[in-house]
Amino acid sequence: MMQKNQHDSSATLHRSIGEEGFPLLELGGRYTLAAMGRRLHALPAELARHAAEPGLRWDLRGIEQMDDAGAILLWRAWGSRRPDHLLLRPEQERLFSRMEAAPAPPAAVPRDAWWPMMMLGRGILLLWEHLVALVALIGQMLLDVRYLATHPARLPWREISANLYRTGAQALGITALVGFLIGVVLSFLSSRQLQTFGADIFIINILGISIIRELGPMLAAILVAGRSGSSMTAQLGVMRVTEELDALTVLGISHSQRLILPKVLALGMAMPLVVLWTSAVALLGGMIVAEIQLGLNHRFFLDKLPDVVPIANLWLGLGKGMVCGMVIALISCHFGLRIKSNTESLGAGTTNSVVTAITVVIIIDAIFAVVFSNVGLT
Amino acid sequence: MGKTCIIEVEGLHTRFGSHVVHRDISLCVRPGEVLALVGGSGSGKTVLMRQMLGLETPAAGSIRVFGESLHGHDREALQSLRNRWGVLFQKGALFSALSVYDNIALPMRELRTLSEGMIRDLVMLKLKMVDIGAEHAAKMPAELSGGMIKRIALARAMALDPELLFLDEPTAGLDPQLGEAFVKLIHAMRTELTLTIVMATHDLDTLVALSDRVAVLAEQRIVALGSLQEVAGMEHPFIASFFRGERGQKALGNTLS
């Protein structure tokens with residue numbers, strides 16, 4: 001009902017010849033955003049046409065209601081100045097004098113022709129900044145370790161234990177599921193290939209080496225980087241947003257000692273265990289499929305495994321796990337501490353943290369592969 | 001027309017679990033007035049305001065804004081209703097991913113009827129209205145002080161020249177001088193535009209400076225409703241401590257005598 005009413009009294013224009021023979025344009029109705037509605041597409045052109053006519057007298061006194069949008073519509077049609085002949089009511093006078101006082105919008109900054117260079121430079125500087133901050137963080141960790149070695153009573157046991165539970169125990173479910181499925185798929189595909197050569201027995205070598213040396217540690221590290229890394233970054237980020245980090249500082253509690261060191265130590269301890277667990281479950285999956293597909297007895301599988309897979313592979317896998325765990329925790333905390341106190345930065349920081357952690361985990365794996373290329377392979 | 005209500009609350013009950021917040025509240029906000037909701041913490045003034053905005057659903061009772069139920073299913077009607085009100089949240093609630101300019105331009109762009117040139121002029125006008133210089137237009141909310149955030153949030157609330165404005169603690173978190181300037185700003189807007197304002201506030205100075213009528217929430221209902229003078233004289237423990245306490249007397253001193 002009300003809606004209809006508004007449309008009926010929407011902005012009107014009436015062109016006529018005034019008493020003294022001058023052309024006269026009388027405006028009426030409601031020049032408000034709500035009342036003009038869809039007509040906003042057509043009105044500007046119509047008004048501009050009238051504005052182009054020289055000597056036209058604009059009479060706005062008949063307008064029932066006009067808001068900022070209505071005033072701007074007219075103002076733009078006039079080319080941001082008053083027409084020569086304008087009749088206004090006092091409250092309209094106020095609207096237009098405000099319009100004259102409005103500041104000009106800031107000019108758009110033209111794009112620098114050197115922007116690709118600038119972008120590249122900025123990227124390199126950012127990378128450098130990250131590296132310096134990471135090295136500083138590692139140095140701080142070492143200082144903390146030295147301090148705690150002489151003050152063992154100050155070791156943050158509770159925090160370490162809580163982190164062990166969160167990053168280790170609570171990760172067992174997802175790593176088992178993923179590990180088992182990968183083991184099943186790997187075993188299934190390999191056994192089909194081996195069957196064609198009649199080399200069924202080598203399934204144990206393939207599964208043993210690939211899972212214990214490579215897949216177990218990598219799967220665990222990538223899952224933990226996604227799961228625990230993101231939560232560590234987000235936790236520190238939220239503490240920054242809510243000023244909890246500042247509250248800790250003014251209480252004289254060191255961030256690195258209470259928040260970061262426990263995470264690094266706990267993940268360094270938890271990761272080898274998670275790796276062991278993931279590898280075991282993946283081997284179990286592979287063994288079950290080998291028994292079904294190839295009829296390889298599981299007792300035989302378990303007996304033969306230590307013979308074909310040198311124990312060095314296991315230590316290599318566990319060592320990788322420990323290094324990856326500590327690096328994931330360090331990177332996550334580094335990004336968490338860099339988050340600024342706004343929500344935008346929180347989201348971006350968490351994404352960057354996970355992406356970086358996973359990339360670095362894979363780089364570490366490649367370095368291990370090169371350095372230990374002569375170890376554990378017959 | 002003088003008797004119609006912009007907002008009509010009838011028989012409103014609110015419960016959170018077994019905790020009763022409102023018991024049978026009825027209220028009428030008249031066109032053009034400034035109605036202040038007052039009450040101790042936990043008395044449910046913010047909840048009542050959120051219900052008027054359709055952000056929360058009452059357990060029983062109805063709320064009609066511009067004669068329209070907030071829980072209707074007509075999308076178009078609800079949208080056009082929402083274009084007629086503006087809301088100033090307590091902490092501003094500026095979109096942190098958008099610049100100051102884009103924050104104010106967002107409601108205008110959502111209308112899809114305004115040209116980008118017109119939006120630019122309108123945004124600059126709104127910024128001028130809340131006394132923010134053009135040099136701040138490109139800044140992000142994270143770079144602004146609390147007072148600026150409040151003023152820009154008010155500019156966003158006023159983006160579509162609403163007929164109804166909700167203010168949640170408009171002066172909370174501002175220093176007294178800024179608070180006073182903010183009250184003056186709202187006052188000036190009222191004289192220029194026909195505005196109905198509903199505000200929840202703790203601040204007595206704001207209350208004295210702006211409100212036409214005061215609704216006092218206590219004991220799960222509205223215990224008093226009327227002009228500041230009428231309400232301040234009523235017998236009720238909360239009113240006595242709020243309006244006739246030391247702070248209250250100071251703020252009300254001139255108005256009551």
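So, in Å, what gap is there between the alpha-carbon centers of the stretch B:185-257 and the stretch A:65-133?
Cα centroid of the stretch B:185-257 versus Cα centroid of the stretch A:65-133: 39 Å apart.
Compute the long axis of helix A:343-371 from its Cα atoms, compare it with the longest principal axis of the Cα atoms of chain A, and write down the angle in degrees, 0 to 90, nearest 10.
30
If the viscosity is 0.890 mPa s and the temperature 25 °C, what translational diffusion coefficient in µm²/s does Stokes-Einstein give for the protein assembly as shown when Rh comes from Kirkwood over Cα pairs?
In µm²/s, the coefficient is 80.
Of chain B, which part is the longest with no chymotrypsin sites (Phe, Trp or Tyr not before Pro) in a loop (DSSP not H, G, I, E, B) and with at most 16 other C-beta atoms within 10 angstrom?
B:96-257
Find how many whole Å separate the alpha carbon centroid of the stretch A:237-255 from the alpha carbon centroid of the stretch A:303-378.
28
Do any GluC sites (Glu not before Pro) in the stretch A:180-264 lie in a DSSP loop with no more than 15 other beta carbon atoms within 10 Å, and if so, which?
Sparse-neighbourhood loop GluC sites (Glu not before Pro): A:Glu243.
With a/c under 1.5 counting as rounded, go ahead and sort the stretch A:157-371 into rounded, prolate or oblate using the C-alpha gyration tensor (a ≥ b ≥ c being the square roots of the eigenvalues; past the cut-off, prolate if a/b is larger than b/c, else oblate).
Prolate, because a/c is 1.5 or more and a/b exceeds b/c.
Hey, what number do you get for chain B at 222 nm if only DSSP H runs of n ≥ 4 count, each worth -39500 (n - 2.57), divided across all residues, to the nearest 500?
Mean residue ellipticity at 222 nm (helix-derived): -11500 deg cm²/dmol.
Given +1 on the Cβ of Lys and Arg, -1 on the Cβ of Asp and Glu, and no further charges, what dipole in debye does the stretch A:31-181 carry about its Cα centre, rounded to the nearest 20?
In total the dipole reaches around 260 debye.
Which whole number gives the average count of other chain Cβ atoms within 10 Å of the Cβ atoms across peptide A:98-105?
Across A:98-105, the average partner-chain Cβ count within 10 Å equals 5.
What residue among B:His19, B:His202, B:His187 shows peak mean-square fluctuation when chain B is described by a Gaussian network model with Cα springs under 10 Å?
Highest fluctuation of the listed residues: B:His19.
If you take the square roots of the eigenvalues of the alpha-carbon gyration tensor of chain B and sort them as a ≥ b ≥ c, do you get rounded (a/c under 1.5), prolate (a/b over b/c) or oblate?
Oblate.
Treat every Asp and Glu Cβ in the protein assembly as shown as -1 and every Lys and Arg Cβ as +1, leave all other atoms uncharged, and give the resulting dipole magnitude about the Cα centre to the nearest 20 debye.
940
Would you please put A:101-108, A:361-368 in order of how densely packed they are, using the mean number of other Cβ atoms within 10 angstrom per residue and starting with the highest?
A:361-368, A:101-108
Let me make sure I get this right: for the stretch B:14-69, a, b and c are the square roots of the gyration tensor eigenvalues over alpha carbons, sorted descending. Under 1.5 in a/c it's rounded, otherwise prolate if a/b > b/c, else oblate. Which is it?
oblate
So what is the calculated 222 nm ellipticity per residue for chain A, using -39500 (n - 2.57) for each DSSP H run with n of 4 or more, over all residues, to the nearest 500 deg cm²/dmol?
-22000 deg cm²/dmol, from helical runs alone.
Measure out, as a whole number of angstrom, how far apart the alpha-carbon centroids of the stretch A:287-301 and the stretch A:9-46 sit.
Computed from Cα coordinates, the inter-centre distance equals 87 Å.
Let me spell out the model: positive unit charges on the Cβ of Lys and Arg, negative unit charges on the Cβ of Asp and Glu, origin at the Cα centre of the stretch A:2-101. What dipole size does that give, in debye rounded to 20?
320
Let me see the pair-distance distribution of the stretch B:93-161: every alpha carbon pair, 5 Å bin width, integer percents in order.
3, 19, 35, 25, 13, 4, 1
Each value in this text was obtained by applying a stated rule to the coordinates, not by laboratory testing. Just so it is clear, the model here is predicted, and its values are computed rather than measured. FYI the Cβ positions are ideal-geometry reconstructions off the backbone, even for glycines, and counts take in every protein chain you see.
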